[in-house]
1. Each residue of the stretch 58-68 in turn: what ³J(HN,Hα) in whole Hz from Karplus with 6.51, -1.76, 1.60 and θ = phi - 60°, glycine and Pro shown as x?
2. Show me the GluC sites (Glu not before Pro) within the stretch 91-200 that DSSP assigns to loop and that have at most 13 other Cβ atoms within 10 Å of their Cβ.
3. Ranked by accessible surface with a 1.4 Å probe, highest first, in what order do 78, 53, 27 come?
4. Taking the Cβ of residue 151 as the center, what net charge do the other residues with Cβ under 12 Å away carry, scoring Lys and Arg +1 and Asp and Glu -1?
5. On full extension of the chain, what length is gained from residue 5 through residue 150, given 0.36 nm per residue of separation minus the C-alpha to C-alpha distance?
6. Say each of residue 13 and residue 159 gets a label point 7 Å from the Cα, pointing the same way as Cα to Cβ; how far apart are those two points in nm?
7. Give the residues of the stretch 152-169 whose amide nitrogen is closer than 20 Å to a point set 7 Å from the Cα of residue 59 in the direction of its Cβ.
8. Round to a whole number: what % of the accessible area of the stretch 45-98 belongs to carbon and sulfur, probe 1.4 Å?
Amino acid sequence: MINFSGTPMLETDRLILRRLELTDAQTVFDHWLSDERVSDNKINAAHKSVSQTIERVANIVSQYESKEFCYWGIVLKTSGELIGEIDLYDFDKLTENCEVGYALGYHWWNRGYGTEALRAVVEFGFRQMNIHKISAAHNTDNPASGRMMSKVGMAQEGVIRHMIRNAKGQYKDCAVCGILQEDYLKYNVSSESYKLKLEG
């Protein structure tokens, strides 16, 4: 059974993963949602106005009351900058599987922040939530995202041709990756990549 516990604050060596807030909207817009370099790997187009981002962030914030909603902002410890987002979603209560998705501002690519956040959330999903399997997909022309998945133990399970169509009308082939709870725990017996921060 999945142990849903909402979106608690998680701390890694360099990051704080926390709930998004309405006051984050301008930063979310500036740092990644308005950037086509990020949106080209997504289905939705880059935001043209901050009002779009305010609506999106408000929708996220409104769902935090649900224990089944797991959506974090990625914050640098040193500066307090919000640099991205990561979430667990599409929970299947029959199989106890789910998916993970993320976006990171372009200025923070290739510094290991995405991998650090992904490792923490995958581990949280397995150790705290008792997820059976976590899956993700990345465009085949975005190999950096695939390397992130590989670094946390996710294995490529296949490629789906034209799996998505981005806002520019471009079809993208996607590599599908996954990792089982038993495999993750087998190779990470005692190590913990995050600290659970109790709020309140």
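1. The phi angles translate into 4, 5, 4, 4, 5, 9, 5, 5, 7, 5, 8 Hz.
2. Numbers: sites: 96, 99, 116, 123, 157, 182, 192, 199; in loops: 96, 192, 199.
Here the sparse-neighbourhood loop sites are 192, 199.
3. Working: 78 135, 53 0, 27 45 Å².
Accessible-area ranking of 78, 53, 27, largest first: 78, 27, 53.
4. Numbers: positive: 119, 147; negative: 116.
Local net charge: +1.
5. Numbers: separation 145, 0.36 × 145 = 52.20 nm, distance 2.64 nm.
Result: 49.6 nm gained on full extension.
6. With each label point 7 Å from Cα toward Cβ, the separation is 3.3 nm.
7. In the stretch 152-169, the label zone of residue 59 (backbone N under 20 Å from the point 7 Å along Cα→Cβ) covers 164-169.
8. Working: 1420 of 2840 Å².
In the stretch 45-98, the share of accessible area belonging to carbon and sulfur is 50 percent.
The values are calculated or read from the model by the stated rules, or taken from the named source; none is laboratory data. For clarity, every value in this text was computed on a predicted model and none was experimentally measured. Cβ sites come from the backbone with ideal geometry, for glycine too, and all protein chains shown count toward neighbours. These accessible areas exclude ligands, DNA and RNA; they are computed on the full protein's heavy atoms, side chains included. Shrake-Rupley method; radii C 1.70, N 1.55, O 1.52, S 1.80 Å.
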